[in-house]
Amino acid sequence: MGNVATFIHGLPKAELHVHVEGTLEPKLMFDLAAKNGVPLPYARPEDVQKAYSFRCLREFLDLYYQGTGVLVEESDFFALSQAYAKRAHAQNVRHVEVSFDPQAHTARGVPLAAVIGGLHSALVEANRQYGMSWKLIMCFLRHLDAADAMATLDHALEHRDLISAVGLDSSEVGNPPSKFRQVFKRAKREGYHTVAHAGEEGPAKYVREALTLLCVERIDHGNRATEDAALIAQLADSRVPLTLCPLSNLRLGVVERMADHPIREMLEKGLLVTVNSDDPAYFGGYLNENYQAVAEALNLSRDQIGQLARNSFLASFLRPTEKERLISEVDRFVSADRT
Ligand SMILES: [Zn+2]
């Protein structure tokens, strides 16, 4: 048995909750800003990270959307997605379900085809190079109105085959899932999988709404479900997955200390919980750093860490045979570690 970091590194894993715009590292932000002539409020890449001290989701999102302004051409989206895939591969991530925010770009005049084209080509390349499988999740910005989301959905139908799921992100409080009921109904009719951020800063009620009104297949975050015992029982029973993001939760004050993170309790209650990085360039770590943070703070056993990796494939939108193949790789790795 090696140390925990080696164990986590060796585990085959999937990442299901990562915003590609949140993987924009300061160096690439500067390179693209210079190329595209976009002014940045920082003198050097080192200054960017210093600015990343957030007290809440709103403060983070203000900086985040400013950062996305450097993404202009299709090749920028390619470079962004390629850099993420390379880092994920280096951490033994076998499957990624990557979210993107089309409205954050189209509102600036970037064509949707350039966004999707760039992301798609880089993921195809990552599959060829690393054997990494992928899905794209198109997220609607919930602070905008539902009509804007519906128009984005309409427009994206031109690229229907490249997008697996739709999601809902951005500032949660005051923008409940119910606002997007018709959009999600339509997306389901078009054959998309559905996910939604809920219960990060918003109440447990938003998690219930996402489940009952939007009929989502997966909840992004869901931390505050713990405030509703009946909802926790329902999540354990239905096995609707939660994509938890420990370092994000700490940086945005969703948990005060990592030792307070609900993932262990949820795992022990039988919920299908997974570990993810959310916006790794902003929150101080990619997938393995997130596993390490909870493994250490919550003293997780190797079986529990292995279960989190198994859950990542179970909760994915992969086909059952692909899930089985990857889960058996996890099983083999965990049992080899015991001997
Ligand atoms: Zn997120």
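The values are calculated or read from the model by the stated rules, or taken from the named source; none is laboratory data. Predicted model, so just to flag it, every value in this text is computed and none were measured. Ideal geometry is used to build each Cβ from the backbone, glycine not excepted, and the neighbour counts take in all protein chains shown. Side chains are part of the model used for accessible areas, which takes the heavy atoms of the whole protein and leaves out ligands, DNA and RNA. Shrake-Rupley method; radii C 1.70, N 1.55, O 1.52, S 1.80 Å.
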Kirkwood Rh and Cα Rg combined as Rg over Rh, evaluated for the range 4-338: 0.94
Among Leu211, Ala85, Ser171 the positive-end extreme of the charge dipole of the range 4-338 (Cβ point charges): Leu211
Packing-based order for 12-18, 183-189, using average beta carbon neighbours within 10 Å, highest first: 12-18, 183-189
Reach of Lys13 by Cα under 28 Å, taken over lysines that are not fewer than 8 positions away in the same chain: Lys27, Lys86, Lys135, Lys188, Lys269, Lys323
Equivalent ellipsoid, the range 41-146 (semi-axes from 5 times Cα gyration tensor eigenvalues, Å): 24, 18, 14
Heavy-atom accessible surface of the chain: percent carbon and sulfur, 1.4 Å: 52
Spatial extent of the range 296-339: Rg and Dmax, with the Cα atoms as the point set, Å: 11.5, 34
Where the chain is the region considered: accessible area per residue in Å², 1.4 Å probe: 39
Extension gain (nm, one decimal) between Glu256 and Lys269, 0.36 nm per residue minus Cα-Cα: 2.5 nm
Computed over the chain: relative contact order in percent, which uses C-alpha pairs under 8 Å that are six or more apart: 20
Peptides 70-83, 312-325 ordered by average Cβ neighbours within 10 Å, highest first: 70-83, 312-325
Net dipole in debye of the chain [+1 Lys, Arg Cβ; -1 Asp, Glu Cβ; about Cα centre; nearest 20]: 580
Neighbourhood net charge (10 Å Cβ-Cβ; Lys/Arg +1, Asp/Glu -1) for Glu97: +1
Top positive-direction residue, dipole computed over the chain with Cβ charges, set Leu123, Leu16, Leu326: Leu326
Furthest towards positive pole of dipole, Pro111, Gln292, Val48, structure part the chain, Cβ charges: Gln292
Separation in nanometres of the label points that stand 7 Å from Cα toward Cβ, at Ser75 and Ser238: 4.6
Separation in nanometres of the label points that stand 7 Å from Cα toward Cβ, at Ser301 and Glu59: 3.9
Whole-Å distance, taken between Cα centres, linking the range 13-66 and the range 275-339: 26
